[in-house]
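The values are calculated or read from the model by the stated rules, or taken from the named source; none is laboratory data. Not measured: the values here are computed from a predicted model. With ideal geometry, Cβ positions are generated from the backbone for all residues, glycine too; neighbour counts draw on all protein chains shown.
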Amino acid sequence: MKNFLKISLFLLVFSQATFADVRTPVELVRISDGDTVVARIDKNEFKIRLIGIDCYETAKINRAYKQAYQNNLSIDEVVDKGLNSKRYLEELYAQNKNSKTSIEFKGLDIYNRVLGVLYFDKLNVNENLKLHGGCMMY
């Protein structure tokens, strides 16, 4: 029931965005890793998966081992790259802390995370991470 309420809230809040690139103001709560953040609208917190990018994992989980194998890296190199991407995003946010933070809603993934493009004012964070944050296109 709780997931149903969350999904209903997202669809209600972001329903306009499905037909146009509408940015919804959010408060950034925390940065989970290089391509996932937690945001808040009013009292509702939710995960946002930054669409179009894929960063290395920040912990030695199954997916990190797969990334290591696919990219001919050691598991420690994968985790280091993941932590570097997370740090880059944290620094980018710190530099833009007084900017308007917003999201362009693109849908929900199979884990019920919001898929979207994150903005600090006019700065497209997803694109910035592709260029400078060590994230890959996805």
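Structure data summary
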read-out	value
Residue within the stretch 60-73 that is of a type outside the set (A, V, I, L, M), closer than 23 Å to ASN124 by Cβ, surrounded by fewer than 18 Cβ atoms within 10 Å (Cβ to Cβ) and out of contact with any strand residue (DSSP E or B) (no Cβ under 8 Å at 6 or more places or on another chain) present	no
Only listed residue being free of Cβ contacts under 8 Å to residues at least 60 places away in the same chain and within 24 Å of GLU45 (Cα to Cα), chosen from LEU123, LEU131, LEU108	LEU123
Any hit, the stretch 18-32, residues being in contact with a Lys or Arg (Cβ under 9 Å, 6 or more places away or on another chain), buried (at least 16 other Cβ atoms within 10 Å of the Cβ), over 19 Å from ASN128 (Cβ atoms) and modelled with pLDDT under 95	no
Pairs with Cβ under 6 Å, 6+ apart, first in the stretch 53-72 and closer than 20 Å to SER32 by Cα, second part of a loop (DSSP other than H, G, I, E, B) and not hydrophobic (A, V, I, L, M, F, W, C)	ILE53/ASP35; ILE53/TYR138; ASP54/TYR138; CYS55/GLY34; CYS55/ASP35; ARG63/GLU57; ALA64/GLU57; GLN67/TYR56
